[in-house]
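Here you go, one structure.
The values are calculated or read from the model by the stated rules, or taken from the named source; none is laboratory data. None of the values given here were measured: they were computed from a predicted structure. Note that each Cβ is placed from the backbone with ideal geometry, even for glycine, and that neighbours are counted across all protein chains shown. The accessibility values were calculated without ligands, DNA or RNA, using every heavy atom of the protein model including side chains. Shrake-Rupley method; radii C 1.70, N 1.55, O 1.52, S 1.80 Å.
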Amino acid sequence: MAVPNKLPKDFIWGFATAAFQIEGSTNADGRGPSIWDEFSRTPGKTLDGKSGDYATESYKLWKEDIALLAAYGVRSYRFSLSWSRIIPLGGRNDPVNLKGIEFYSKFIDELLAHGITPFVTLYHWDLPQGLQDRYNGWLGKDEIVKDYANYAKVCFEAFGDRVKHWLTINEPWCCAILGHGRGVFAPGRSSDRNRSAEGDSSTEPWLVGHHIILAHAHAVKVYREEFKPTQKGQIGITLNGDWALPYDNTPENIDAAQHALDFAIGDYPFKLFDPVYLGFYPPYMREVLGNRMPDFTEDEWRVVKGSSDFYGMNTYTTNLCRAGGDDEFQGNVEYTFTRPDGSQLGTQAHCAWLQDYPDGFRQLLNYIWKRYKLPIYVTENGFAVKGETDIPIEEAVKDFDRIHYFQGTTKALLDAINHDGVDIRSYFPWSLLDNFEWADGYTTRFGVTYVDYETQTRYPKDSARFLVKWFNEHEHPEVAKRPKAKIPTSSLHLSSNGSVSSKASSPTPAPSRWGFRSTVMKVVAAILAFIR
């Protein structure tokens, strides 16, 4: 039964991360290289020239990170598996790395021991380099679909008895457009020869998007036919898309906003959901792409249509849309945050593409619900405070702009549920930790926990306290009665400065990339006091 001003009883919340952004240990225990290993090590590909080789050392500090989650009292944790840690060369005829299976199995068990529901992403952009070398990765349709379905099956077999929430692929738009169109993400293919020696931006992004849909759909087919009857889980895809508002009330700009949504929500490499759920592509996409737009056979359509149990939503901002753009990747629409009167839509983030506008979040939730009539899992939503990496830690943890962002989005979430009747099942702020932010390197911070990359020490930000307090106050009464997970005090060692480390689970410190030694997480008890 719905309770006013409260979340649904089955609602889950937590924080989200991705394997390549936090794990580090890229050569440990049989892991094979991924396309992001090579790309991030290539000079000029990341803003600060740094790679993901160390990230937040979470492969070594995984027990400390789970202790951090437990101290925050989260209900769930969204994380991704590294394909090349499980199948180092990636292919269906290549050997499985048992050490990789063992690592993730222990990780899942530890989450469950703390009452935290695992929410697992199979693929978050880190394709095994072996598959890129063999057949150009996502461009090799016949091979990649089979290899991805096999990888998914290995994961279902190994973890599906404990994992009941699966995401097949994270943000296909980034793989297709940023990786094979603009060339700013791995594997870095583009028609711009100043950026890449290989690639065709006019055709490859659409082919990659097409192949991603098929790979996703075949993985879902495997799960539904071979595992779901006994494992009883749910599976779907998660897609990035932001709300689009007309720049003004002129007919051409109203049309421009809809065109932006068609390319950002309804299409196939961007949003995938019109093919997946409605069985067709938006007419405007066909108009723009013409004969460059691949299509499915009748047999492929039968696999694709209906191949998701829910709508996975990654969303961060709202754009004002104006007719007259020449960027095909965003529907030939100009994006801006500046209103006709010169004012800004919201607070500017560190990233040029992000401003704070919570009303757009609520409108997007309603749009998706009305269009697809599917449960919505919000799998990413967050804010990077401007200049946060350039200020002292004691200032950075007082992250008012991020709190302001979450004040707006959590209110929009609750209003969409209670006032608009939108079926929303989860909310995962991005991210648990500051981390390797892809092409931005370590210059952009989205975490609710500050990471000192020199020492790998974690410090909770005020935004973490806000979110934990907000969810505690808005949980359904029946959920609120459940005991919250706590780390046993007997496993904690109080240091002279009042911080805490876990003696039982501390890994051997490893050298960091910058010549310092990693330290164990020292703030568990401090966080317990911090949020209570």
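Amide H neighbours of E171 under 5 Å, at least 5 residues apart or on other chains, H built in the peptide plane: list them.
Excluding prolines and chain starts, which carry no amide H, the hits are T238, L239, N240.
Tally Lys and Arg at +1 and Asp and Glu at -1 over the other residues with C-beta under 12 Å from the C-beta of K228: what net charge comes out?
That sum, taken over residues with Cβ under 12 Å, equals +1.
At E287 and D423, where each label point lies 7 Å from the Cα along Cα→Cβ, what is the point-to-point distance in nanometres?
3.2
Still on this structure, please answer the following. Carbon and sulfur: what percent of region 51-179's accessible surface (1.4 Å probe)?
50
Sticking with this one: Could you work out what % of the accessible surface of region 292-381 is carbon and sulfur, using a 1.4 angstrom probe and leaving DNA, RNA and ligands out of the count?
Carbon and sulfur together cover 47 percent of it.
Please give the net charge around E252, taking every other residue with its beta carbon less than 13 angstrom from that of E252, where Lys and Arg add +1 and Asp and Glu add -1.
Neighbourhood net charge equals -2.
With the other protein chains left in place, how much accessible area per residue, in square angstrom, belongs to region 95-245 at a 1.4 angstrom probe?
33
List the pairs from K228/K469; K50/K164; K232/K373; K221/K370 whose alpha-carbon separation is above 24 Å, in the order I gave them.
Distance filter (> 24 Å) returns K228/K469; K50/K164; K221/K370.
Put +1 on the Cβ of each Lys and Arg and -1 on the Cβ of each Asp and Glu in region 12-474; which of Y405, P172, V303 then has its Cα farthest toward the positive end of the dipole?
The residue sitting most towards the positive pole is V303.
One quarter of the convex hull surface, Cα atoms only: what value does that give for region 147-208 in nm²?
4.9
Now, a different point. In debye, nearest 20, what is the charge dipole magnitude of the chain about its Cα centre with +1 on Lys and Arg Cβ and -1 on Asp and Glu Cβ, if you could check?
1920
Report the extension gain between K232 and T250 in nm, rounded to one decimal, defined as 0.36 nm multiplied by the number of residues separating them, less their alpha carbon distance.
1.5 nm
Hey, if you put +1 on the Cβ of every Lys and Arg and -1 on every Asp and Glu Cβ in region 1-113, which of L61, L89, S76 ends up farthest toward the positive end of that dipole?
It is S76, whose Cα lies furthest towards the positive end.
Taking a label point 7 Å from the Cα of R162 along the Cα→Cβ vector, which residues of region 41-83 have an amide N closer than 16 Å to it?
62-67, 70, 76-82
Let me ask you something else. For D200 and K398, compute 0.36 nm times the residue count separating them, minus their Cα-Cα distance, and round to one decimal in nm.
66.8 nm
Moving on to the next point. Based on DSSP H runs of at least 4 residues, each adding -39500 (n - 2.57), what is the mean residue ellipticity at 222 nm of the chain after dividing by all its residues, to the nearest 500 deg cm²/dmol?
That calculation yields -10000 deg cm²/dmol at 222 nm.
How much length is gained if the chain between E473 and D295 is pulled fully straight, taking 0.36 nm per residue apart and subtracting their Cα-Cα distance, in nm to one decimal?
59.3 nm
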